[in-house]
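*Asks:* Let me begin by handing over the structure; questions about it come next.
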Amino acid sequence: MKAAESAPTFLIQPRLVHVWSELWHALAFSLTGTGGALYFYLVFTGIFQNEQRTAVTLVALTLVSLGALIIFTLEITYRSVFLRYFLTNIGQSWISRGVLGLFIFGILTIVSLLLDAFGVGSPIPGRALTIVAALAALVVVVYPSMVLSTAAIPFWRSSLLPLEFLVSSGIGGLAIIVLWQVIGDAAIPLRLPVTALASLLLINLILHLVHLASIPRSTRDKTIELLTVGKLRRSFLIGFLTFGIGTPLALGIVSYLVDEPGRSPLLLVAAILVLQGVFFQRYSVLRSGVKPALL
């Protein structure tokens, strides 16, 4: 009797996932995250004086609106299809929740600006309005990472990714605060924001390294190769790690050792580098999605 021949086995190697318009999505998520964090700082900290609140609100609203404009321009090919999808998926899809957060934040922020401008209403309802807007801003900050975490990509399906987006957005908001003081001389005490910025930079670095180390073995080597020796090495090693974390940390430390006028240029450069680091972190994450091998 002739032995039965075993069927051939086909192996599809780990493969890179292409995200459409990664650069523009990374820019949009950087803008909305930074603007949302800035507004959160405005509402829940006393770092800004009352006369600065309107200007800070406008800056936060502008950043989030620019990011939302990019997202809607990229995603809304057919408006009727988008609206039907959005209306039927509220509460079920993080895309819908993110869009809802964007709308709530934009509407409530504009309403609060109008109430302040015309002196309408009492402080308590106005405060409640800004708190709800700040909570919507928090949804705006984290929803891109929640969308990514639903994909079948081991690097993205991690509980650390939303935390990284939250921390890096907080870093972006603090960078705007430092820029506000350095450029606008807004009488903001810099020691606390700079210390907080340095602390969050270190936390962000640790989170990202732990995240990379915890990638499942099926795609870990391929993902790390992409980020360190592959086509993303400049974005990750130079844009994010070197100029987005290492250099701002060094400049922040040096700024404590020098007096004015030498301190302001150092902090100006550090804040700008931090903002580009926020972008390159998101860009590296979006570009490094790898699907595991299939048999």
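The values are calculated or read from the model by the stated rules, or taken from the named source; none is laboratory data. Nothing here was measured: the structure is a model prediction, and the numbers come from that model. Side chains included, ligands, DNA and RNA excluded: accessible areas come from the protein's heavy atoms. Shrake-Rupley method; radii C 1.70, N 1.55, O 1.52, S 1.80 Å.
*Asks:* For the chain, what does the helix formula give at 222 nm: sum of -39500 (n - 2.57) over DSSP H segments with n ≥ 4, over the residue count, nearest 500 deg cm²/dmol?
*Replies:* -23500 deg cm²/dmol
*Asks:* If region 167-217 were replaced by its equivalent ellipsoid, with semi-axes equal to the square roots of 5 times the Cα gyration tensor eigenvalues, what would those be, largest first, whole Å?
*Replies:* Equivalent ellipsoid of region 167-217: 30, 9, 5 Å, largest first.
*Asks:* Determine the share of region 218-295's accessible area contributed by carbon and sulfur atoms, expressed in whole percent, with a 1.4 angstrom probe.
*Replies:* Solvent-exposed carbon and sulfur of region 218-295 make up 67 percent of the total.
*Asks:* Can you classify region 203-295 as rounded, prolate or oblate using the Cα gyration tensor, where a ≥ b ≥ c are the square roots of its eigenvalues, rounded means a/c under 1.5, and otherwise it's prolate if a/b beats b/c and oblate if not?
*Replies:* Note, shape of region 203-295 comes out prolate.
*Asks:* Moving on. Mean Kyte-Doolittle hydropathy of 0.5 or higher plus an axial Cα length of 18 Å or more: which whole DSSP H helices in the chain meet both?
*Replies:* Result, helices passing both filters: 22-44, 53-75, 94-118, 123-148, 160-184, 191-213, 263-287.
*Asks:* Remind me, relative contact order of the chain in percent, using alpha carbon pairs under 8 angstrom and six or more residues apart?
*Replies:* Worked out over the chain, it gives 28 percent.
*Asks:* Still on this structure: Give me the accessible area per residue for region 123-181, probe 1.4 Å, as a whole number in Å².
*Replies:* Dividing the accessible area of region 123-181 by its residue count gives 34 Å².
*Asks:* Give me the percent of accessible area attributable to carbon and sulfur for region 115-155, probe 1.4 angstrom.
*Replies:* 77 percent
*Asks:* In Å², and per residue, what accessible area does region 185-288 have when probed at 1.4 Å with the other protein chains present?
*Replies:* Accessible area per residue, region 185-288: 49 Å².
*Asks:* Continuing with this model, one more query. Taking square-rooted eigenvalues a ≥ b ≥ c of the alpha carbon gyration tensor, is region 211-256 rounded, prolate or oblate, where a/c under 1.5 means rounded and, failing that, a/b exceeding b/c means prolate?
*Replies:* oblate
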